[in-house]
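J.: Here you go, one structure.
The values are calculated or read from the model by the stated rules, or taken from the named source; none is laboratory data. These figures come from a predicted structure and were not determined experimentally. Here Cβ is always computed from backbone atoms with ideal geometry, including for glycine, and neighbour counts include all displayed protein chains. Side chains are part of the model used for accessible areas, which takes the heavy atoms of the whole protein and leaves out ligands, DNA and RNA. Shrake-Rupley method; radii C 1.70, N 1.55, O 1.52, S 1.80 Å.
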Amino acid sequence: MEHPEHPVQPAEPVDDSAYARIRGLIASGDLEQGSWLRETALAERLGVSRTPIREALNRLAAEGIVEMSRNKGAQVVSFSGKDVADLYDVRAGFEPHAALLAVPRLSGADVERLAVLAGEMEEAAAAGSLEVLSTLNNEFHGMFVQRCGNRHFAAALQTLMRPAVVAHTFNRYSPEALQRSMSHHAELVAAARAGDGEWAEAVMRTHILAARNAAGARQPAVSSSLP
């Protein structure tokens with residue numbers, strides 16, 4: 001559905017920088033939590049010099065995706081159960097608001113891209129291609145963040161959307177939880193088509209809370225006799 005009050009935004013060019021490609025490998029689970037990131041090996045793999053690799057690793061370290069050690073080099077950050085729970089709790093507080101802000105700003109092309117991504121995620125889920133699913137999911141959520149209209153808010157949210165955590169989450173989904181996640185994506189597309197930011201906000205919150213629980217990140221409440 002076109003929204004004439006908002007001009008159609010041109011498609012953004014594909015980012016093929018070393019930073020984007022390494023982040024994508026982490027998002028897909030190709031580079032797992034705890035993996036060591038050797039500059040020489042990455043340079044050979046990506047077909048670039050070590051300089052852009054070093055710059056990319058420094059940027060990823062600043063975002064909390066990679067840890068840098070003076071003696072050992074760079075390593076994909078590992079997250080404890082509490083780390084995962086904390087990240088999802090923060091995302092549940094902020095990402096729904098990004099969806100609320102983004103929906104009125106989405107162009108027709110944006111909505112169609114979301115629909116394509118949702119369909120491709122369904123296919124990847126059915127095929128059990130979790131690495132592909134994780135990468136597509138990152139782009140899907142990223143569109144709401146990028147279109148929220150507040151670059152400072154968007155930058156902060158990008159830091160919270162840790163790709164290693166997303167890849168880890170999909171690997172822990174039951175078939176039922178995975179299908180629920182796909183249904184949420186389809187409903188987010190429907191909300192975007194309707195231009196209903198409040199609907200998208202509500203679905204996004206449900207989606208993230210469901211992901212938190214499906215990943216086993218939230219510990220069950222413990223009863224206590226204390227007042």
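To keep it simple, each residue is scored yes or no on (1) over 30 Å from Met204 (Cα atoms); (2) of a type outside the set (S, T, N, Q); (3) buried (at least 22 other Cβ atoms within 10 Å of the Cβ).
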residue: Tyr88; (1), (2), (3): no, yes, yes
residue: Ala102; (1), (2), (3): no, yes, yes
residue: Ser107; (1), (2), (3): no, no, no
residue: Glu112; (1), (2), (3): no, yes, no
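J.: In addition: Before we move on, is Ala124 without any contact (Cβ under 8 Å) to a residue 24 or more places away in the chain, buried (at least 19 other Cβ atoms within 10 Å of the Cβ) and among the aliphatic types (A, V, I, L, M)?
T.: Numbers: without any contact (Cβ under 8 Å) to a residue 24 or more places away in the chain: yes; buried (at least 19 other Cβ atoms within 10 Å of the Cβ): yes; among the aliphatic types (A, V, I, L, M): yes.
When the stated conditions are applied, Ala124 passes them.
J.: For the range 70-84, check the following and say yes or no: at least one residue is under 24 Å from Ile22 (Cβ atoms), open to solvent by 50 Å² or more (accessible area, probe 1.4 Å), in a helix (DSSP H, G or I) and at pLDDT below 90.
T.: Yes, because at least one residue in the range 70-84 is under 24 Å from Ile22 (Cβ atoms), open to solvent by 50 Å² or more (accessible area, probe 1.4 Å), in a helix (DSSP H, G or I) and at pLDDT below 90.
J.: Hey, another quick one. Quick test for you: out of Ala92, Ala155, Ala99, pick the one residue that is free of Cβ contacts under 8 Å to residues at least 12 places away in the same chain and either within 16 Å of the chain's Cα centre (by Cα) or part of a loop (DSSP other than H, G, I, E, B) (or both).
T.: The conditions single out Ala155.
J.: Search the range 21-44 for residues that are at positive phi and pair each with any residue that is aromatic (Phe, Trp, Tyr) when their beta-carbon atoms are under 8 Å apart and the residues are at least 6 apart or on different chains.
T.: Every condition considered, the pairs that remain are Gly29/Phe170.
J.: For the range 142-161, how many residues are open to solvent by less than 10 Å² (accessible area, probe 1.4 Å), within 14 Å of Gly24 (Cβ to Cβ) and not aliphatic (A, V, I, L, M)? I'd like the intermediate steps shown before the answer.
T.: Going residue by residue through the range 142-161, those that are open to solvent by less than 10 Å² (accessible area, probe 1.4 Å) are 142, 144-145, 148, 157, 161.
Retained after the next criterion (residues that are within 14 Å of Gly24 (Cβ to Cβ)): 142, 161.
If we keep only those that are not aliphatic (A, V, I, L, M) as well, we get 142.
Total satisfying the criteria: 1.
J.: Please state which one of Val203, Val189, Val145, Val166 is within 17 Å of Val90 (Cβ to Cβ), at pLDDT 85 or above and among the β-branched types (Val, Ile, Thr).
T.: Answer to the selection: Val145.
J.: Here's another thing I want to ask about it. Taking the condition at pLDDT 75 or above, more than 24 Å from Met121 (Cα to Cα), crowded, with 16+ Cβ neighbours inside 10 Å and not charged (D, E, K, R), does Leu25 pass?
T.: no
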